[in-house]
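The values are calculated or read from the model by the stated rules, or taken from the named source; none is laboratory data. All values reported here derive from a predicted model rather than from experimental measurement. Every residue, glycine as well, gets a Cβ built from its backbone with ideal geometry; the counts of neighbours run over all protein chains shown.
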Amino acid sequence: MPHLYLRIALLVCLSAARLGWAQQQPAPPVRRIIDVHLHARAAADYGPTPPPNPVSGRVPAYRTDAEVVAVTLAELKRHHVVRAVTSGSQPRVAAYLAADPARIIGALDYPDNQHAPLPDTATFRRLFAEGQFRVFGELGLQYEGKTLTDPALEPYLAICERRGIPVALHTGLGFPGIAYNDCCRNFRTRLGNPQLVEEVLIRHPRLKLQLMHMGYPYLAETKALLYIYPQLYADISVTNWILPRAEFYSYLQALVTAGYGQRLLYGSDQMAWPDAIGLSIESVEKAPFLSEKQKQDIFYNNAATFYGLR
Ligand SMILES: [Zn+2]
């Protein structure tokens, strides 16, 4: 009998210990995420049937433009993305805004993949006043062999500076082989160097500028800019799912270690593949060198500050 009592006592102790241990575990965080870099694309943008995600190999399930919107919004909700800066041509952004106005923040991209010209400055001001866009970008100027210092952009940058409209600039790279593609014969790697924005920052000291893709792979130049220009932010999009995980971590950790953890913004750069949203979030969640506070800063707090959202 004493043997039985001993076993019961041991069981009680173990259960209590297990209970205590469970209570000490931090509850998994309920994320509130802002995706600062999402694309409003159409079903046929990448061919008659969507190609597989180059990383996951998954073929997207959509077939129509309406399905692209529905599938993308479902992924955002599933991953607790409460706001998403969504860029594209006006009709496409309008479709996202109409479907989920509380979640979507419209952005005016240029050049868009339908080769629409920039609206004139009066129209630009009107579209902003009507709430059709809140962010000027993605500016994929590199794909056309241009930079942010292009004189044609100057009046728009002046408006953005005056009205506090954030400008989101593509920096870094593009898809392998892009410079041979008919769309982008003037693409050059050197034009993705974020240091090329410096004269714009001098001319427009109050401009809210977001370097997309963290300036990857121009780490030294990105650090230099973040150091000298405290108003500058950088988004971590696309590098967080398309690069080898170790390479993304190395670059991200270098910027965090350098002290810029409160200037980094989560973005997915979801283009044709809605599963990129989950992949890009997972890579940040699993970063072994980030504290919980740093993750939440990157996922939400920094973007709320930069975009003036609460
Ligand atoms: Zn993009």
State whether the residues of segment 174-191 include one that is within 16 Å of the ligand (Cβ to nearest atom), surrounded by 18 or more Cβ atoms within 10 Å (Cβ to Cβ), within 24 Å of residue 307 (Cβ to Cβ) and of a type outside the set (D, E, K, R).
no
Pull out all pairs, ordered by first then second residue, where Cβ-Cβ is under 8 Å, the residues are six or more apart or on different chains, the first lies in segment 160-178 and is under 18 Å from residue 217 (Cα atoms), and the second is within 13 Å of the ligand (Cβ to nearest atom) and in a loop (DSSP other than H, G, I, E, B).
170/140; 171/216; 172/216; 173/216
Candidate set: segment 263-285, residues that are part of a loop (DSSP other than H, G, I, E, B) and within 16 Å of the ligand (Cβ to nearest atom); chosen: the one nearest to residue 138 (Cα to Cα)
269
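Let's see how each residue does on (1) in a strand (DSSP E or B); (2) charged (D, E, K, R); (3) at pLDDT below 90; (4) under 30 Å from residue 292 (Cα atoms):
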residue	(1), (2), (3), (4)
29	no, no, yes, yes
53	no, no, no, yes
62	no, no, no, no
68	no, no, no, no
When every residue in segment 248-262 that is assigned to a loop (DSSP other than H, G, I, E, B) and either within 14 Å of the ligand (Cβ to nearest atom) or not polar (S, T, N, Q) (or both) is compared, the one surrounded by the fewest Cβ atoms within 10 Å (Cβ to Cβ) is 259
Counting just the residues of segment 193-247 that are within 16 Å of the ligand (Cβ to nearest atom), more than 26 Å from residue 156 (Cα to Cα) and not in a loop (DSSP other than H, G, I, E, B), which one comes out farthest from the chain's Cα centre (by Cα)?
242
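So that you can scan it fast, the table gives a plain yes or no per residue for (1) farther than 19 Å from residue 87 by Cα; (2) touching a Gly at 6+ places or on another chain (Cβ under 6 Å):
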| position | (1), (2) |
| --- | --- |
| 161 | yes, no |
| 164 | no, no |
| 235 | no, yes |
| 248 | yes, no |
| 266 | no, no |
Of all residues in segment 81-95, how many are part of a helix (DSSP H, G or I), crowded, with 23+ Cβ neighbours inside 10 Å and of a type outside the set (A, V, I, L, M, F, W, C)?
1
Pairing a residue in segment 242-259 that is within 14 Å of residue 279 (Cα to Cα) and touching a residue at least 24 places away in the same chain (Cβ under 8 Å) with any residue that is buried (at least 19 other Cβ atoms within 10 Å of the Cβ) and among the β-branched types (Val, Ile, Thr), where Cβ atoms lie under 6 Å and the two sit 6 or more apart in sequence or on different chains, gives 248/239
Against the condition surrounded by 14 or more Cβ atoms within 10 Å (Cβ to Cβ), among the charged types (D, E, K, R), touching a helix residue (DSSP H, G or I) at 6+ places or on another chain (Cβ under 9 Å) and touching a residue at least 12 places away in the same chain (Cβ under 8 Å), how does residue 78 come out, does it pass?
no
Would you mind stating whether residue 107 is of a type in the set (A, V, I, L, M, F, W, C), assigned to a strand (DSSP E or B) and out of contact with any Leu (no Cβ under 8 Å at 6 or more places or on another chain)?
yes
What residue, among those in segment 279-310 that are over 14 Å from the mean Cα position of the chain (by Cα) and of a type in the set (Ser, Thr, Tyr), is surrounded by the fewest Cβ atoms within 10 Å (Cβ to Cβ)?
291
What number goes with the only condition from (1) at pLDDT 95 or above; (2) surrounded by fewer than 20 Cβ atoms within 10 Å (Cβ to Cβ); (3) under 26 Å from residue 58 (Cβ atoms) that residue 276 does not pass?
(2)
